[in-house]
Amino acid sequence: MSIELVLKYLTSPNFLRGAEMTLLLTLASLVFGVLIGLVLALIQESQTRIGTVVTVAYLWLFRGTPVLFQIIFIYNVLPSFGIKLSAFISAVLALSLNEGAYMAEILRSGLQAVKKGQRTAGLALGMTRTEVMRHVVIPQAARIVLPPIGNQMIGMLKLSALVSVIAVEELLLVANQTASADFRYFEALTAAGIYYLAMTTVFMGLQILMEIALDPKKRRGMRRLSLTERMLGTSKILAVR
């Protein structure tokens, strides 16, 4: 193994662009996935027959087929119907639609975790259903769904490597192309792995900071802890709540 070659790859413009593309794919797909999931969760909350049929069909379709299948289908099949999308747009669309199916269940469970009595109390105070959802339900549900959403974000980062099959120049494709030129796969993939670990570490840190910001008890308890202790969960404060 050549340490110098790994460092060269880490500072290479191609690897930096690949990491940037991976990050962009992850964030864009996650944002659209959350929006799709929120719409589906609210439709499920309405408990209408048509809404239930639509959401069940959506969840059945996108949770029942592989993500790789969905990526290839959108990129290769949609053009035959006159819908031509770039590789990047196809990748974001496929990942977002797939993520939306899982986000819908996460958000639905978070909304249902808020007791109905609190909604009733909000209505009794003269708030509309929209205001109750905005000021009472969603703030509490956000604290509940944040950990699983954080896990989905890290999973999305790793899942983005699949879009290399449609020639989106994300990090793994760049590493594979670089290695195929000189057959130094170990060094190229090591550099890519370091980038992935760095990005997942940042995501984990952001998740912990957001959890602390949304939870007053945890914010008071972890005020004196270092970020490393928070990520590793080594404090007794995390064990006793």
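The values are calculated or read from the model by the stated rules, or taken from the named source; none is laboratory data. All values derive from a computational prediction rather than experimental measurement. Virtual Cβ from ideal backbone geometry, glycine too; neighbours counted across all protein chains shown. We work out accessible area using only protein heavy atoms, side chains counted, and drop any ligands, DNA or RNA first. Shrake-Rupley method; radii C 1.70, N 1.55, O 1.52, S 1.80 Å.
Observations
- Scanning region 144-155 for residues that are surrounded by 19 or more Cβ atoms within 10 Å (Cβ to Cβ), more than 16 Å from Arg108 (Cβ to Cβ) and touching an Asp or Glu at 6+ places or on another chain (Cβ under 9 Å) returns no hits.
- Search result, residues across region 174-213 that are under 15 Å from Thr26 (Cβ atoms) and not small (Gly, Ala, Ser): Tyr195, Tyr196, Leu197, Met199, Thr200, Thr201, Val202, Phe203, Met204, Leu206, Gln207
- Residues of region 156-210 classified as β-branched (Val, Ile, Thr) and open to solvent by 30 Å² or more (accessible area, probe 1.4 Å), total: 6
- Screening Ala94 on (1) over 30 Å from Ala141 (Cα atoms); (2) buried (at least 18 other Cβ atoms within 10 Å of the Cβ); (3) in contact (Cβ under 8 Å) with a residue 24 or more places away in the chain shows it passes everything except condition (1).
- Unique match (being of a type in the set (Val, Ile, Thr), more than 18 Å from Glu170 (Cβ to Cβ) and touching a helix residue (DSSP H, G or I) at 6+ places or on another chain (Cβ under 7 Å)) among Ile144, Ile154: Ile144
- Test result for Gly126, farther than 20 Å from Ala28 by Cβ and open to solvent by 30 Å² or more (accessible area, probe 1.4 Å): yes
- Hey, Val34 open to solvent by less than 70 Å² (accessible area, probe 1.4 Å) and closer than 16 Å to Glu99 by Cα or not: yes
- Considered as a group, the residues in region 82-119 that are of a type in the set (A, V, I, L, M) and in a loop (DSSP other than H, G, I, E, B) include one that is farthest from the chain's Cα centre (by Cα), and that residue is Ile83.
- Whichever residue in region 57-81 is over 17 Å from Ala167 (Cβ atoms) and not in a helix (DSSP H, G or I) and, among such residues, is most open to solvent (accessible area, probe 1.4 Å): Pro66
Each row is one residue, and each column tells you yes or no for (1) in contact with a Ser or Thr (Cβ under 6 Å, 6 or more places away or on another chain); (2) more than 22 Å from Ile138 (Cα to Cα); (3) among the hydrophobic types (A, V, I, L, M, F, W, C).
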position	(1), (2), (3)
Leu38	no, no, yes
Arg49	no, yes, no
Val77	no, yes, yes
Lys84	no, yes, no
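- Cross-chain or 6+ apart pairs with Cβ under 9 Å, region 183-195 first and farther than 16 Å from Lys158 by Cβ and touching a residue at least 60 places away in the same chain (Cβ under 8 Å), then among the aromatic types (Phe, Trp, Tyr) and in a helix (DSSP H, G or I): Arg184/Tyr9; Glu187/Tyr9; Ala188/Tyr9; Ala188/Phe15; Thr190/Tyr9; Ala191/Tyr9; Ala191/Phe15
- Test: residue in region 6-17 that is under 20 Å from the mean Cα position of the chain (by Cα), in contact (Cβ under 8 Å) with a residue 60 or more places away in the chain and surrounded by 14 or more Cβ atoms within 10 Å (Cβ to Cβ): no
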